[in-house]
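Enquirer: Before I ask anything, let me first share the structure, which is written out below as structure tokens.
The values are calculated or read from the model by the stated rules, or taken from the named source; none is laboratory data. As the structure is a computational prediction, the values presented were derived from the model and not from experiment. When we count neighbours, we look across all protein chains shown, and the Cβ atoms used for this are built from the backbone with ideal geometry, even at glycine. When the accessible area is computed, the model is the full protein with side chains, heavy atoms only, and any ligands, DNA or RNA have been set aside. Shrake-Rupley method; radii C 1.70, N 1.55, O 1.52, S 1.80 Å.
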Amino acid sequence: MKITRRRVLQGSAAAGGALVARAVLPRPLQTLVATGTPAPTAPAREEWVPTLCWIGKQDCGILARRIGGRVVKLEGHPAHPRNRGTLCPKGVAQIMALYDPYRVRTPLIRTNEKGVPGRWRVASWDDALDLVAARIKEARARGPQRVLWQKGRSKAEAFYDEAFVKATGALKMGHGAYCSDAGYRACEYTIGPTGVLHPDFRHTRYLLAWGWNLTNAGGNKLCWITWPQQLLAARERGLKVVVIDPRLRGAGPFADEWLPIRPATDLALALAFCHLLIRQGTIDRDYLTRHTNGPFLVQEDGYFLRAADGKAQVWDARTNRARPYDAPGTSPVLDGEFTVNGVRVKTAFRVFSEHVRRYTPEWAAEVCGVPADQIVRIAAELGEQARIGSTIVIDGLVLPYRPVAIHAYHVSQQELGFQAVRAMLLVMMLVGSIEAVGGQRIDFTWKVHRNFTALDEIVIKDPPYNVYLKDSPYFPINSALPGMAAKVMLDPQRYGVRELPDVLLVHMTNPAVAYADSPTLAAAYRKFKFVTVLDPWLSRTADLFADVVLPTATLEKYEGPSRVTDQYTDACERIGVLYGPGGYLDRLNEALHLKEPYRLPLARKPTVREIFDRWAKAEGIAEGVAYFERHGVKGKGPIPARAYYGTAADPPFDGIRHRLYGESLLRYRHQMQARGVAELYWRDYTPLPTWRRPTMDGSPPAYDLYLVSYKLIEFKQSRASQIPLLAELAPRQWVEIHPATARARGIADGDEVWVESHHALTGETRRVKAVARYPQGIRPDVVGMPHHFGEVARDPWAAGQGPTQNVLFFTGEGYVSNTQDQAFHVKVRVYRA
């Protein structure tokens, strides 16, 4: 049995997107896109040109129907293994993005002060790149860490997020901390692969859809099309779905039951499930003993008992004494308490079992606001459906069969997100579902990420720290949160930061509306000496804060300027970092994994097409980039089970031990305490996930509602709501409020209301106005606002959209997790405007 590959060659986007425009579109269309003037008349000949989606993250294949040199329709590419000939509304609507008259078509240079809507002069590419390069050179001359690259949605990240950043010595700041980085770090640290949580849909029989919108969401590295298709196929095979979410959202008839959990209490529920699975005895002892650190002996101080060589020890049932865990012939005991040289020790599994005893279903019912009997029943079904001990044959291999899993992604956007996802993983570890057939997946092939080791070996250093506090005692596990960097920009002395970046480059993202706590971001952006924004539109961020705007492309090619196809090589040449060892070309060889004879020469500037041609040939495609120009995509074929499942690796899981017990988290906690940082930084660095009340619950009783944010399938982040075909689907911001809650406040469906948030630590309040909507599928103590509004760009279709809900969220202490990830929860009150 083969498993169909659901991903294509890394960089196969070059086929339709990352190539230069002339390789993908005819010259008349390039002219139209670049200048906005009508193209010369061309014969009315129909052609189909392959490209890929520029909005979504799974690079859906697109065929552009071109008649007489003009694109008239977009359709899904049937040869693409992910979307298989289909497109979502965002994909279809991109034709309007292609021809949008309000796109930025030439570089712009600001002529007025920043912080207000811009006045601009049109500049040539030479003038704009000369100015940007000069400012970067000046910043680099002042010292390291003076240039900051704000990463956005990447499509050809080897060119900029890797090669450009490394060649220029820029600090790279991600945007994933506004997405699901807490979940990524939890999985990398606990299990090994990078990603969050998703099921093995082909074989899963019981699914906890934990904060995942069944029918209107993407998820772990994939977009909206793939997951619902796999969900429906699994439902036809008998999959049972339990939705765990304050909002029912699009689950409807596709779910078997709904557990309307109170926001930010997911950790408590997961711990209760762990309690019940152990109490029921539905645990996979073989997996826990052989593949986790559950048998490791823990001393009373919380650290592992180690041998003279530093290796953790286990209790050996054969010799009845402590031995290194990997000593030949050792038979570890999973659950027990022993005395070694007069020291009392317990197995990590025993410590964990005792730890979760307090987390009873009755306790969880009170915390989570759901019935205790429902929690008990779901845990019982989970244990039963796990079929512990069963096997299945895949590709001739006998593998564990544990058809239960969790799908969770953006649920990690909470103050306790890292430990909440760790606790979800512990649920799956208890039943042996990790990387089993039908069980818990993290990535799409089995691969241990470098962070499995790196996050266990962090060295906390003394100041000074960089702008996002890497290696600091504030956030040892660090997702480079832009919001926290903004706090540092405003008060560097507080965090031991001596040098701030002078130059900011913002690439394909819109922090002024898309990032939580937009007022703090705005204040910080005023402190940069020079800001360059790379974007197809005059985004809100560009309009308020950019000194220079460099236009980028949409689907006519991937994320480069419309006419200057060698933007990064040109810029690096001007900066003086293009050639030679360590230069941009050298870094690009590294990022694209180019070996001889396909490596780029370090003393000659190549064309963009040459770069992609070398890459394609290095991937074994003799025809080179011409293959992609004609076909658009090339799949690699089915993934063999041995590469797909961690349990099928040789040895299983590549021999690593999954971290049931996070000893290094305790070590970081003690080092943070020794450096005198406040408790709110170190309190969640615990070796086992430990419940506490979220900070927001300290707001006064008048703020009696939880605000949650959610995404709409119509849009993508804050870079699509100005596209007319999409804006018509959801033209204005709103707030969802339960009818009973609304009526008690005298609020009718359609009324304008104020939503006012409260900072539980500082007492600060903020408010925005929105229209009330009455859904039934939401908890009475919860209100919800979609993410994508706030007049995202200077475009008539973005005007009047209403506010971004990101004004209401707070960043920094109390609202940022111990891994420097942003919480999208806050307490609010709602009243008529």
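Enquirer: Hey, among R350, R377, R358, R441, which residue is open to solvent by 40 Å² or more (accessible area, probe 1.4 Å) and in contact with an Asp or Glu (Cβ under 8 Å, 6 or more places away or on another chain)? Let's see the steps before the verdict.
Expert: Values: R377 fails: in contact with an Asp or Glu (Cβ under 8 Å, 6 or more places away or on another chain); R358 fails: in contact with an Asp or Glu (Cβ under 8 Å, 6 or more places away or on another chain); R441 fails: open to solvent by 40 Å² or more (accessible area, probe 1.4 Å).
Checking each option against the conditions leaves just R350.
Enquirer: Please enumerate the residues belonging to region 459-484 that are within 17 Å of A182 (Cα to Cα) and of a type in the set (A, V, I, L, M).
Expert: Residues satisfying the conditions are L469, I477, A480, L481, M484.
Enquirer: Among the residues of region 278-303, write down those that are at positive phi and surrounded by fewer than 16 Cβ atoms within 10 Å (Cβ to Cβ).
Expert: The initial filter retains those residues of region 278-303 that are at positive phi, namely 281, 302.
Of everything in region 278-303, just one residue is at positive phi and surrounded by fewer than 16 Cβ atoms within 10 Å (Cβ to Cβ), namely G281.
Enquirer: Might you check whether a residue that is open to solvent by 50 Å² or more (accessible area, probe 1.4 Å), out of contact with any strand residue (DSSP E or B) (no Cβ under 8 Å at 6 or more places or on another chain) and either modelled with pLDDT of 95 or more or not in a loop (DSSP other than H, G, I, E, B) (or both) occurs anywhere in region 709-726?
Expert: yes
Enquirer: Another question, if that's okay. Collect the residues in region 450-483 that are open to solvent by 40 Å² or more (accessible area, probe 1.4 Å), over 20 Å from E499 (Cα atoms) and not basic (K, R), keeping them in residue-number order.
Expert: Within region 450-483, T453, A454, D456, E457, V459 qualify.
Enquirer: Could I ask something else about it? Step by step: first the residues of region 759-803, then only those that are of a type in the set (G, A, S) and in a strand (DSSP E or B), then the one that is farthest from G252 (Cα to Cα). Which residue is that? Break it down stepwise before answering.
Expert: The initial filter retains those residues of region 759-803 that are of a type in the set (G, A, S), namely 760, 763, 770, 772, 777, 784, 790, 793, 798-800, 802.
Of the ones still in play, those that are also in a strand (DSSP E or B) are 770, 772, 784, 793.
On the way: A770: 26, A772: 22, G784: 18, A793: 34 Å.
Filtering first and then ranking leaves A793.
Enquirer: Six or more apart or on different chains, Cβ atoms under 7 Å: show the pairs whose first residue is in region 628-639 and over 14 Å from D59 (Cβ atoms) and in contact (Cβ under 8 Å) with a residue 60 or more places away in the chain and whose second is of a type in the set (A, V, I, L, M, F, W, C) and surrounded by fewer than 13 Cβ atoms within 10 Å (Cβ to Cβ).
Expert: none
Enquirer: Can T532 be described as under 20 Å from R142 (Cβ atoms), of a type in the set (S, T, Y) and at pLDDT 95 or above? Spell out how you get there, then give the answer.
Expert: Numbers: under 20 Å from R142 (Cβ atoms): yes; of a type in the set (S, T, Y): yes; at pLDDT 95 or above: yes.
Yes, satisfied.
Enquirer: List, please: which pairs have Cβ atoms under 6 Å, are six or more places apart or on different chains, and start with a residue in region 82-111 that is part of a loop (DSSP other than H, G, I, E, B) and modelled with pLDDT of 90 or more and end with one that is open to solvent by 40 Å² or more (accessible area, probe 1.4 Å) and charged (D, E, K, R)?
Expert: T111/R119; T111/R121
Enquirer: Is there a residue being at pLDDT 95 or above, closer than 17 Å to D126 by Cα and either open to solvent by less than 60 Å² (accessible area, probe 1.4 Å) or part of a loop (DSSP other than H, G, I, E, B) (or both) anywhere in region 581-604?
Expert: No, there is no match, as no residue in region 581-604 is at pLDDT 95 or above, closer than 17 Å to D126 by Cα and either open to solvent by less than 60 Å² (accessible area, probe 1.4 Å) or part of a loop (DSSP other than H, G, I, E, B) (or both).
Enquirer: Now for a different question. What residue, among those in region 294-326 that are among the β-branched types (V, I, T) and in contact with a strand residue (DSSP E or B) (Cβ under 9 Å, 6 or more places away or on another chain), is farthest from H355 (Cα to Cα)? Before the answer, list the steps.
Expert: Taking region 294-326 and keeping what is among the β-branched types (V, I, T), we get 298, 314, 319.
Filter again for in contact with a strand residue (DSSP E or B) (Cβ under 9 Å, 6 or more places away or on another chain), leaving 298, 314.
Working: V298: 13, V314: 20 Å.
Selected residue: V314.
Enquirer: Still on this model: Any residue in region 645-669 that's hydroxyl-bearing (S, T, Y): show its pairings with residues that are part of a helix (DSSP H, G or I) at Cβ separation under 8 Å, as long as the two are six or more apart or on different chains.
Expert: T647/F653; Y661/A348; Y661/V351; Y661/F352; Y668/W682
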